[in-house]
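The values are calculated or read from the model by the stated rules, or taken from the named source; none is laboratory data. Every value quoted in this text rests on a predicted model; they were computed, and no experiment measured them. Cβ sites come from the backbone with ideal geometry, for glycine too, and all protein chains shown count toward neighbours. In case anyone asks, the SASA skips ligands and DNA or RNA and just uses the protein heavy atoms, side chains included. Shrake-Rupley method; radii C 1.70, N 1.55, O 1.52, S 1.80 Å.
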Amino acid sequence: MFIEIQNIKKSYGEGRSCVQVLDGISTQIERGAMCVILGPSGSGKSTLLNIIGGLDTVDSGSIRIDSREITSLSPEILSDYRRDTLGFVFQFYNLIPNLTVKENIEVCRYLSPSPLDVYELLEILGLTEHQDKFPAQLSGGQQQRCSLARALIKNPKLLLCDEPTGALDSKTAKDMLKLLEEINERYGTTMLIVTHNDAISAMVHKVIKIRDGQIVEVYENEKRISAEALEW
Ligand SMILES: Nc1ncnc2c1ncn2[C@@H]1O[C@H](COP(=O)(O)OP(=O)(O)OP(=O)(O)O)[C@@H](O)[C@H]1O
Ligand SMILES: [Mg+2]
(Lines give C-alpha, C1' and ligand atoms only; values in the text may rest on other atoms or scores of the structure.)
(Ligands and ions follow the chains in the order given, each with its own letter.)
Protein backbone atom coordinates (compact mmCIF):
# COMPACT_ATOMS: atom_id res chain seq x y z
CA MET A 1 0.00 0.00 0.00
CA PHE A 2 1.25 3.44 -0.88
CA ILE A 3 -0.80 5.32 1.73
CA GLU A 4 -1.80 3.73 5.05
CA ILE A 5 -3.79 5.90 7.43
CA GLN A 6 -4.66 4.52 10.85
CA ASN A 7 -7.12 6.07 13.25
CA ILE A 8 -6.07 9.67 12.90
CA LYS A 9 -7.64 12.26 15.14
CA LYS A 10 -7.36 16.01 14.99
CA SER A 11 -9.04 18.75 16.97
CA TYR A 12 -8.73 22.50 16.99
CA GLY A 13 -9.20 24.72 20.04
CA GLU A 14 -9.41 23.80 23.70
CA GLY A 15 -12.00 23.14 26.40
CA ARG A 16 -15.54 24.05 25.44
CA SER A 17 -14.48 25.53 22.10
CA CYS A 18 -12.68 22.31 21.11
CA VAL A 19 -13.82 20.97 17.73
CA GLN A 20 -13.06 17.37 16.74
CA VAL A 21 -12.32 17.85 13.04
CA LEU A 22 -11.02 14.34 12.25
CA ASP A 23 -12.45 11.61 14.44
CA GLY A 24 -10.67 8.33 13.75
CA ILE A 25 -9.96 8.21 10.02
CA SER A 26 -8.48 4.94 8.70
CA THR A 27 -7.96 4.04 5.06
CA GLN A 28 -5.48 2.70 2.52
CA ILE A 29 -4.67 3.79 -1.00
CA GLU A 30 -2.74 1.79 -3.56
CA ARG A 31 0.23 3.10 -5.49
CA GLY A 32 -0.86 4.66 -8.78
CA ALA A 33 -4.50 5.05 -7.74
CA MET A 34 -6.63 8.11 -8.29
CA CYS A 35 -8.73 8.68 -5.19
CA VAL A 36 -11.44 11.23 -4.48
CA ILE A 37 -12.27 12.54 -1.02
CA LEU A 38 -15.86 13.77 -0.99
CA GLY A 39 -17.77 15.51 1.76
CA PRO A 40 -19.78 18.57 2.67
CA SER A 41 -18.19 21.89 3.60
CA GLY A 42 -16.50 21.71 7.00
CA SER A 43 -16.32 17.89 7.04
CA GLY A 44 -12.52 17.90 7.38
CA LYS A 45 -11.35 17.28 3.80
CA SER A 46 -8.73 20.02 3.62
CA THR A 47 -7.53 19.19 7.13
CA LEU A 48 -7.02 15.57 6.07
CA LEU A 49 -5.19 16.59 2.89
CA ASN A 50 -2.99 19.07 4.76
CA ILE A 51 -2.06 16.40 7.31
CA ILE A 52 -1.17 13.91 4.59
CA GLY A 53 0.82 16.71 2.95
CA GLY A 54 2.79 17.40 6.13
CA LEU A 55 1.35 20.92 6.43
CA ASP A 56 -0.60 20.18 9.60
CA THR A 57 -0.14 17.69 12.47
CA VAL A 58 -2.34 14.98 14.02
CA ASP A 59 -3.27 14.59 17.68
CA SER A 60 -3.00 10.81 17.38
CA GLY A 61 -2.89 8.03 14.81
CA SER A 62 -0.46 7.02 12.13
CA ILE A 63 0.17 7.87 8.47
CA ARG A 64 2.56 5.88 6.34
CA ILE A 65 3.40 7.12 2.87
CA ASP A 66 5.52 4.81 0.75
CA SER A 67 6.34 2.82 3.93
CA ARG A 68 7.49 5.90 5.84
CA GLU A 69 5.73 7.09 8.99
CA ILE A 70 5.27 10.84 8.58
CA THR A 71 3.47 11.84 11.78
CA SER A 72 6.63 11.66 13.87
CA LEU A 73 9.10 13.37 11.52
CA SER A 74 11.11 16.40 12.61
CA PRO A 75 10.32 19.68 10.76
CA GLU A 76 13.48 19.33 8.64
CA ILE A 77 12.77 15.76 7.57
CA LEU A 78 9.13 16.67 6.99
CA SER A 79 10.19 19.39 4.62
CA ASP A 80 12.40 16.86 2.78
CA TYR A 81 9.36 14.59 2.55
CA ARG A 82 7.27 17.40 1.02
CA ARG A 83 10.03 18.28 -1.42
CA ASP A 84 10.87 14.73 -2.48
CA THR A 85 7.47 13.05 -2.56
CA LEU A 86 4.67 15.57 -3.01
CA GLY A 87 3.02 17.87 -5.48
CA PHE A 88 0.32 20.11 -4.02
CA VAL A 89 -2.35 21.92 -6.03
CA PHE A 90 -4.11 24.47 -3.84
CA GLN A 91 -7.58 25.81 -4.44
CA PHE A 92 -6.28 29.33 -4.99
CA TYR A 93 -3.33 28.60 -7.25
CA ASN A 94 -0.59 30.38 -5.20
CA LEU A 95 1.37 31.40 -8.31
CA ILE A 96 4.24 33.87 -7.99
CA PRO A 97 2.90 37.08 -9.60
CA ASN A 98 6.15 38.52 -10.94
CA LEU A 99 7.32 35.31 -12.62
CA THR A 100 6.06 34.12 -16.01
CA VAL A 101 4.23 30.82 -16.46
CA LYS A 102 7.42 29.05 -17.50
CA GLU A 103 9.41 30.58 -14.63
CA ASN A 104 6.70 29.65 -12.11
CA ILE A 105 7.06 26.05 -13.24
CA GLU A 106 10.85 26.11 -13.39
CA VAL A 107 11.38 27.28 -9.81
CA CYS A 108 10.01 23.93 -8.69
CA ARG A 109 12.04 22.00 -11.26
CA TYR A 110 15.25 22.48 -9.30
CA LEU A 111 13.74 20.74 -6.26
CA SER A 112 14.00 17.36 -7.92
CA PRO A 113 16.88 15.21 -9.13
CA SER A 114 14.64 13.76 -11.87
CA PRO A 115 12.21 16.48 -13.03
CA LEU A 116 9.97 16.22 -16.05
CA ASP A 117 10.75 18.19 -19.18
CA VAL A 118 9.24 21.66 -18.85
CA TYR A 119 8.37 21.91 -22.56
CA GLU A 120 6.64 18.53 -22.52
CA LEU A 121 4.61 19.62 -19.52
CA LEU A 122 3.71 22.98 -21.07
CA GLU A 123 2.51 21.09 -24.13
CA ILE A 124 0.47 18.50 -22.20
CA LEU A 125 -1.19 21.22 -20.15
CA GLY A 126 -1.91 23.46 -23.12
CA LEU A 127 0.33 26.24 -21.84
CA THR A 128 2.96 26.44 -24.58
CA GLU A 129 1.48 29.60 -26.07
CA HIS A 130 1.08 31.18 -22.61
CA GLN A 131 4.53 30.37 -21.25
CA ASP A 132 5.82 33.96 -21.27
CA LYS A 133 2.71 35.51 -19.70
CA PHE A 134 2.40 36.55 -16.08
CA PRO A 135 -0.31 34.99 -13.84
CA ALA A 136 -2.42 38.17 -13.93
CA GLN A 137 -2.65 37.80 -17.72
CA LEU A 138 -4.16 34.31 -17.47
CA SER A 139 -7.73 33.07 -17.07
CA GLY A 140 -8.64 31.07 -13.96
CA GLY A 141 -8.40 27.78 -15.84
CA GLN A 142 -4.98 28.68 -17.25
CA GLN A 143 -3.76 29.65 -13.77
CA GLN A 144 -5.05 26.36 -12.41
CA ARG A 145 -3.20 24.46 -15.17
CA CYS A 146 -0.05 26.43 -14.37
CA SER A 147 -0.36 25.49 -10.70
CA LEU A 148 -0.82 21.85 -11.75
CA ALA A 149 2.29 22.08 -13.95
CA ARG A 150 4.21 23.51 -11.01
CA ALA A 151 3.14 20.62 -8.79
CA LEU A 152 3.99 18.07 -11.48
CA ILE A 153 7.37 19.29 -12.74
CA LYS A 154 9.10 17.44 -9.89
CA ASN A 155 7.39 14.24 -11.08
CA PRO A 156 6.03 13.67 -7.56
CA LYS A 157 4.99 10.22 -6.38
CA LEU A 158 1.92 11.71 -4.73
CA LEU A 159 -0.21 14.56 -6.04
CA LEU A 160 -2.58 16.24 -3.58
CA CYS A 161 -5.28 18.45 -5.10
CA ASP A 162 -7.65 20.56 -2.99
CA GLU A 163 -10.75 21.39 -5.05
CA PRO A 164 -8.84 21.46 -8.36
CA THR A 165 -12.04 22.25 -10.26
CA GLY A 166 -13.83 24.31 -7.61
CA ALA A 167 -13.29 27.68 -9.25
CA LEU A 168 -13.73 26.49 -12.84
CA ASP A 169 -16.73 26.37 -15.19
CA SER A 170 -17.85 22.88 -16.18
CA LYS A 171 -16.01 22.81 -19.53
CA THR A 172 -12.70 23.96 -18.00
CA ALA A 173 -13.24 21.63 -15.04
CA LYS A 174 -13.55 18.70 -17.41
CA ASP A 175 -10.35 19.72 -19.22
CA MET A 176 -8.58 19.79 -15.85
CA LEU A 177 -9.86 16.30 -15.02
CA LYS A 178 -8.75 14.99 -18.40
CA LEU A 179 -5.28 16.31 -17.61
CA LEU A 180 -5.21 14.59 -14.22
CA GLU A 181 -6.29 11.36 -15.89
CA GLU A 182 -3.58 11.67 -18.54
CA ILE A 183 -0.91 12.42 -15.93
CA ASN A 184 -2.02 9.43 -13.85
CA GLU A 185 -1.81 7.15 -16.88
CA ARG A 186 1.43 8.54 -18.21
CA TYR A 187 3.46 8.84 -15.00
CA GLY A 188 1.62 6.52 -12.58
CA THR A 189 1.21 9.38 -10.11
CA THR A 190 -0.89 8.50 -7.06
CA MET A 191 -3.55 11.21 -6.66
CA LEU A 192 -5.75 12.38 -3.84
CA ILE A 193 -8.39 14.78 -5.04
CA VAL A 194 -10.60 16.68 -2.61
CA THR A 195 -13.88 17.83 -4.12
CA HIS A 196 -17.50 18.76 -3.57
CA ASN A 197 -18.38 17.41 -6.98
CA ASP A 198 -19.90 13.94 -6.76
CA ALA A 199 -19.71 13.47 -10.54
CA ILE A 200 -15.91 13.17 -10.41
CA SER A 201 -16.27 9.90 -8.43
CA ALA A 202 -17.02 7.91 -11.57
CA MET A 203 -13.55 8.46 -13.11
CA VAL A 204 -11.36 7.48 -10.13
CA HIS A 205 -10.28 4.13 -8.68
CA LYS A 206 -11.38 4.82 -5.11
CA VAL A 207 -13.95 7.06 -3.44
CA ILE A 208 -13.85 8.06 0.23
CA LYS A 209 -16.81 9.98 1.64
CA ILE A 210 -16.40 11.83 4.89
CA ARG A 211 -18.84 13.62 7.15
CA ASP A 212 -18.11 15.31 10.47
CA GLY A 213 -14.56 13.98 10.44
CA GLN A 214 -15.49 10.33 9.95
CA ILE A 215 -15.50 8.09 6.90
CA VAL A 216 -19.12 7.23 6.08
CA GLU A 217 -18.58 5.34 2.82
CA VAL A 218 -15.69 3.85 0.84
CA TYR A 219 -15.83 2.07 -2.49
CA GLU A 220 -13.68 1.16 -5.43
CA ASN A 221 -14.90 1.52 -8.99
CA GLU A 222 -14.66 -1.75 -10.87
CA LYS A 223 -15.49 0.11 -14.04
CA ARG A 224 -14.26 3.66 -14.32
CA ILE A 225 -15.50 6.05 -16.95
CA SER A 226 -13.16 8.47 -18.67
CA ALA A 227 -13.08 12.14 -17.67
CA GLU A 228 -14.34 12.90 -21.18
CA ALA A 229 -17.53 10.93 -20.52
CA LEU A 230 -18.34 12.54 -17.15
CA GLU A 231 -21.65 14.31 -16.96
CA TRP A 232 -22.85 17.02 -14.63
N1 LIG B 1 -6.80 26.26 11.86
C2 LIG B 1 -8.05 26.00 12.29
N3 LIG B 1 -8.46 26.42 13.52
C4 LIG B 1 -9.70 26.12 13.98
N5 LIG B 1 -10.61 25.42 13.29
C6 LIG B 1 -10.26 24.99 12.07
C7 LIG B 1 -8.98 25.25 11.51
N8 LIG B 1 -8.92 24.68 10.28
C9 LIG B 1 -10.13 24.11 10.08
N10 LIG B 1 -10.93 24.29 11.15
C11 LIG B 1 -12.30 23.76 11.31
O12 LIG B 1 -12.26 22.39 10.99
C13 LIG B 1 -13.42 21.99 10.27
C14 LIG B 1 -13.02 21.31 8.98
O15 LIG B 1 -12.35 22.23 8.14
P16 LIG B 1 -11.81 21.82 6.70
O17 LIG B 1 -11.16 23.02 6.13
O18 LIG B 1 -10.99 20.60 6.82
O19 LIG B 1 -13.18 21.48 5.96
P20 LIG B 1 -13.44 21.11 4.43
O21 LIG B 1 -14.11 19.80 4.42
O22 LIG B 1 -12.18 21.25 3.65
O23 LIG B 1 -14.49 22.23 4.01
P24 LIG B 1 -14.66 23.01 2.59
O25 LIG B 1 -15.36 22.04 1.68
O26 LIG B 1 -15.54 24.16 2.94
O27 LIG B 1 -13.31 23.42 2.10
C28 LIG B 1 -14.24 23.25 10.07
O29 LIG B 1 -15.26 23.27 11.04
C30 LIG B 1 -13.26 24.37 10.31
O31 LIG B 1 -13.90 25.49 10.87
MG1 LIG C 1 -11.53 22.59 2.16
*Can you give the accessible area of Arg31, probe radius 1.4 Å, in Å² rounded to 10?*
140
*Please work out how much length the chain gains when fully extended from Ala136 to Arg109, using 0.36 nm per residue of separation minus the C-alpha to C-alpha distance, in nm with one decimal.*
7.5 nm
*Report the label-to-label distance for Asp212 and Asp84 in nanometres (one decimal), using points 7 Å from each Cα along the Cα→Cβ vector.*
4.1
*Lys178 versus Ser67, label points 7 Å from Cα toward the beta carbon: distance in nm?*
3.9
*Can you list, largest first and rounded to whole Å, the semi-axes you get for the stretch 95-232 by taking the square root of 5 times each eigenvalue of its Cα gyration tensor?*
27, 16, 14
*Determine the order of Lys223, Lys157 by accessible area, beginning with the largest, at a probe radius of 1.4 Å.*
Lys223, Lys157
_Residue-averaged 222 nm ellipticity for the chain, from DSSP H runs of 4+ at -39500 (n - 2.57), nearest 500_ = -8500 deg cm²/dmol
*Going from the alpha-carbon gyration tensor of the stretch 1-59, what semi-axes, largest first and in whole Å, does one get by taking the root of 5 times each eigenvalue?*
23, 12, 10
*asked:* Which aspartates and glutamates, if any, have their Cα less than 13 Å from the Cα of Lys171, not counting same-chain residues under 8 positions apart?
replied: Glu228, Glu231
*Check the straight Cα-Cα distances from Lys9 and name the aspartates and glutamates below 17 Å, setting aside those fewer than 8 residues away within the same chain.*
Asp23, Asp56, Asp59, Glu69, Asp212
*Convex hull volume of the stretch 20-102 per residue (C-alpha atoms, cubic angstrom)*: 148
*Convex hull (Cα only) mean projected area of the chain, reported in nm² to one decimal*: 12.9
*asked:* Quick check on my link table: of Lys45/Lys154; Lys45/Lys133; Lys10/Lys102; Lys10/Lys174; Lys174/Lys206, which ones sit more than 30 Å apart, alpha carbon to alpha carbon?
replied: Lys45/Lys133; Lys10/Lys102; Lys10/Lys174
*In whole Å, what is the distance between the alpha-carbon centres of the stretch 1-75 and the stretch 109-128?*
29
*How much FRET efficiency would the formula 1/(1 + (r/R0)^6) give for Glu14 and Asp169, where r is the Cβ-Cβ distance and R0 is 41 Å, rounded to 0.05?*
0.45
*Quick one: pull the percentage of alpha-carbon pairs in the stretch 48-176 with a separation above 26 Å.*
25
*Taking every DSSP beta bridge that has both residues in the chain, what percent is antiparallel when rounded to the nearest 5?*
55
